[in-house]
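The structure appears right after this line, and notes come after that.
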Amino acid sequence: MKNTITFEEQQLMSLYNSTGTREGLIASLTEMRGYLDADETELMELTDSAIAKLRAMTDAEYDALELFPDFEQEDTDAD
């Protein structure tokens, strides 16, 4: 894949990946972006970046992504 997906982009994609398809995810993210307020610039930029990367990849590259939300923070002090 040309553009590496960041952790934040992966989490965003995981949350909006209800259809399980690349085109469906692009549509979901595009719809969500329409509800953002003008002051939500960070989320808007993250969404735009994720959409651009999804558009640039093939369906096979999309299918290789592991889009499962990770709600647990990594704890390096565990054990």
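Where a number appears in this text, it was derived from the coordinates with a stated rule and is not lab data. Just so we're clear, the structure is a prediction, and the values are computed from it rather than from any experiment. No Cβ is skipped: glycine too gets one built from the backbone with ideal geometry, and neighbour counts run over all protein chains shown.
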Search result, residues across the stretch 19-45 that are within 24 Å of Glu61 (Cα to Cα), assigned to a loop (DSSP other than H, G, I, E, B) and not small (Gly, Ala, Ser) = Thr19, Thr21
inquiry  = Step by step: first the residues of the stretch 1-35, then only those that are under 9 Å from the mean Cα position of the chain (by Cα) and of a type in the set (Phe, Trp, Tyr), then the one that is surrounded by the fewest Cβ atoms within 10 Å (Cβ to Cβ). Which residue is that?
reply    = Phe7
